[in-house]
Amino acid sequence: MTSASRPAGKRLPISCQACRTRKIRCSRDGRPCQTCVRRGLGAEDCVYLGQPRLSSEHMKATDAALQKELLARIRNLEDTLHKQAGSYMSDSLSPQLSPSVAGSFSEADSAIGLSPDFRSPLTGNFGALQTFDSGYVRYLPLASQWGSITGDDIDSDIPEDGDDLQIPFSKSSISREALLAMLPPSRYCDALKDVYFKVFSPMFHILHDLTFEAEYQRFCHDPSSVSTAWIALLFIILGISVTALDDNDPLLTDLAREKTVSRNIKTLSSRYRSAALRCLAADGVFSRHSINSLQCLVLVNYARINRGLSTWTLLGFTHHVAISMGCHVDPERFGLGPIEREERRRAWTGLMILYISQNNTFGGPDQRIHSQDVKFPLEVNDVDLLTGGVSELTAHPTQTTYLLLEYQLSKISSMICETLFTYTPRFSVPQMETEILAIHEACDKRYQLDANADSLPTHHLANLNILYGHIHQLFLLVLRPSLCRYLQGEITAETCAARTKCAASAKATLAIYQSLHDLSQYSSYKWYNSGLGSFHAFHAAVVLCIILMCPENQFEATEIHDLLWKSLDAFAALSNRSNFCSKAVPVLRQLLYVPISHLLYPRMKLTDNSEFASTRSQQQAMVTVDTTGTITPTYPSLATEYIPESLYSQLRPQSWVSPSSIQWDGWSFLAQERQYLRHSGLG
């Protein structure tokens, strides 16, 4: 029926039939509309009443059939590749953590089937290539430079000149005396060494502390009594330790003498990392290796990841050094002593944790480089290896408990990335939730939360909080597809449950972040809260800001609002030593200051805007923000349908795999909204 023959007064709907059927808001911007695109519908499903069919319908149907056939063939090829890979490579996740979290790299996945019942449409974890005039190329994994919100950074993320990016492939001509001259005074060496074994060794326990301490005392009396590789290990320990110093620690200003805390830390950590690799070069690490040189390389990678520096190439070199030493084979086969066996296993486990983290960031397939032979490190304290008391599991967490649990979480994160970013995932969301909960229960059991947790040493309490933070980060990531469907208006038992779980995990993450920031006993963990902890907290804050747009009740709105403002204060306080925090502060401030009603109803061009204007005025009456930022909302039933595309796109799981995955310039729309409000007199 044409418009000329249509009965007078009968106005056709301006939304597409697919959106009208689902009773969700249609963007009305073509075929298919953006709402249908997000739901995975094509032009043939997005139909507007009263409009003629698209031209060449038969040709389009033929093209669509051809596309479906090609897609099916691609998926069949992917299935074949997965099966071929699975025929000779096995997964190494073992959530059987009771009575011990220790196990073997060869243990099979527990109760994880290979027939997934969930497929995420949020695939494509791709980045971009950065090409230089000189011909060099760098891969940037879904990361972009900071846009127009913050202005200049307080501290450049570009690696320093003369930093440890120059891998020591050739033997250095620097003398041993020149290397020793790079060490700080002995009193500072003592202080930094103690910081490392107090803070970092309980978290990334790849050394045998008692052995290193004995060698350190021998070195203090006779510097010629240790190898050059051991001196390299000492340097990287110093480089890691400086990041845990307090802002007012005189050691920072005495050794670095820069104008800011962040530059002092950057200067010293870079200086000692570089010295460590110079020592390895002098030792000829390209052609000969020792357990000390491997430990040093693993710790250099650990330090660089914590500082947000590129690591992938150096990590590959470290992996090949480990293989050349036979660390991919369980040391029991070589008849080694208990200490040397555990040093090899710990170094291999630490290397695998770092590899999985970087592999997830770069969006590569799981290479399954984990040996089928190497056992996990024993869950014991270092002194037990000297006394031989390793037969029974202790009732308290040991020095290796955190390392073993963190490895399990790393494997789960790899499973999640495979599920979210591939078309043929092997695992379902409920299966991964079960795995995460198993680790959570193991944490509770090993750290004895049912008993008196206050009796635990500070480093165990800090480690437990950090483990919980990682667990909640995984929950937020694995539940993202269901949360996005909820935000798109798909209100089901599954999506509502995902919304509830995401809100709980986000609140818990911010509570952990606040505790590590506020309590003086955790002052040595600012390095964590400034880096990975801030990333987890920022992820949680963004999720809560979205949930705040349609809270369940007034209590939840007030609770979330208070948590967000407190976390903003913590981010601001850490900005003097953290690039990440300095970038996150303006984004959170914009999210909290821009009126929610304005975000829910972005400016749109409509041919007939009377309906939109009426709806918007009703919404503004339901949500108000006063000059102090206090929110007093009532709760429209379908407000989540109107989240703008620019905000919705920032929820993609690809942007929340690691700190380097965040697309900072994607938040520039908030500044534009704020500018619009100022000009319109609304803000």
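Looking at this structure, is ALA573 under 21 Å from LEU405 (Cα atoms), surrounded by fewer than 21 Cβ atoms within 10 Å (Cβ to Cβ) and in contact (Cβ under 8 Å) with a residue 24 or more places away in the chain? Here the answer is no, as ALA573 does not meet what is asked. Across segment 360-373, what is the number of residues that are touching a Ser or Thr at 6+ places or on another chain (Cβ under 7 Å) and either at pLDDT 95 or above or part of a helix (DSSP H, G or I) (or both)? The total comes to 2.
I need the full set of residues from segment 184-216 which are touching a Lys or Arg at 6+ places or on another chain (Cβ under 7 Å) and closer than 15 Å to PRO377 by Cα, in order please. Steps first, please.
The initial filter retains those residues of segment 184-216 that are touching a Lys or Arg at 6+ places or on another chain (Cβ under 7 Å), namely 205-206, 216.
Within segment 184-216, HIS205, ILE206 qualify.
Could you please let me know if SER534 is surrounded by fewer than 21 Cβ atoms within 10 Å (Cβ to Cβ), in contact (Cβ under 8 Å) with a residue 40 or more places away in the chain and over 22 Å from GLN431 (Cβ atoms)?
Values: surrounded by fewer than 21 Cβ atoms within 10 Å (Cβ to Cβ): no; in contact (Cβ under 8 Å) with a residue 40 or more places away in the chain: yes; over 22 Å from GLN431 (Cβ atoms): yes.
So SER534 fails the test.
Among the residues making up segment 469-500, those that are of a type in the set (Ser, Thr, Tyr) and buried (at least 19 other Cβ atoms within 10 Å of the Cβ) are SER482, TYR486, THR495.
Of all the residues in segment 273-311, those that are among the small types (Gly, Ala, Ser) and not in a loop (DSSP other than H, G, I, E, B) number 7.
For LEU532, the conditions (1) within 20 Å of ASN579 (Cβ to Cβ); (2) in contact with a Lys or Arg (Cβ under 8 Å, 6 or more places away or on another chain); (3) not polar (S, T, N, Q) all hold with the exception of (2).
Condition test on ILE466, is it modelled with pLDDT of 95 or more, of a type outside the set (Lys, Arg) and not in a loop (DSSP other than H, G, I, E, B)? Criteria met by ILE466.
How many of the residues in segment 214-245 are farther than 13 Å from SER293 by Cβ and outside any helix (DSSP H, G or I)? Write out each step before concluding.
At the first step, the residues of segment 214-245 found to be farther than 13 Å from SER293 by Cβ are 214-225, 237-245.
Restricting the remaining residues to those that are outside any helix (DSSP H, G or I) gives 222, 245.
Counting residues in segment 214-245 that are farther than 13 Å from SER293 by Cβ and outside any helix (DSSP H, G or I) gives 2.
Check segment 453-461 and report whether any residue there is more than 24 Å from TRP667 (Cα to Cα), surrounded by fewer than 18 Cβ atoms within 10 Å (Cβ to Cβ), under 19 Å from the mean Cα position of the chain (by Cα) and not assigned by TED's automatic domain parsing to the domain that holds ASP194. Looking for residues that are more than 24 Å from TRP667 (Cα to Cα), surrounded by fewer than 18 Cβ atoms within 10 Å (Cβ to Cβ), under 19 Å from the mean Cα position of the chain (by Cα) and not assigned by TED's automatic domain parsing to the domain that holds ASP194, one finds none in segment 453-461, hence no.
One line per residue, one yes/no per condition, for (1) of a type in the set (Ser, Thr, Tyr); (2) modelled with pLDDT of 95 or more; (3) in contact with a Gly (Cβ under 9 Å, 6 or more places away or on another chain):
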{"site": "LEU403", "(1), (2), (3)": "no, yes, yes"}
{"site": "LYS411", "(1), (2), (3)": "no, no, no"}
{"site": "CYS417", "(1), (2), (3)": "no, no, yes"}
{"site": "PHE421", "(1), (2), (3)": "no, no, yes"}
{"site": "ILE436", "(1), (2), (3)": "no, yes, no"}
{"site": "HIS440", "(1), (2), (3)": "no, yes, no"}
{"site": "ASN452", "(1), (2), (3)": "no, no, no"}
{"site": "HIS470", "(1), (2), (3)": "no, yes, no"}
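Residues in segment 332-351 that are assigned to a helix (DSSP H, G or I) and surrounded by fewer than 21 Cβ atoms within 10 Å (Cβ to Cβ): GLU332, ARG333, PHE334, PRO338, ILE339, GLU340, ARG341.
The values are calculated or read from the model by the stated rules, or taken from the named source; none is laboratory data. Note that the structure is predicted; figures quoted are calculated from it, not measured. Neighbour counts run over all protein chains shown; Cβ positions are idealised from the backbone, glycine included.
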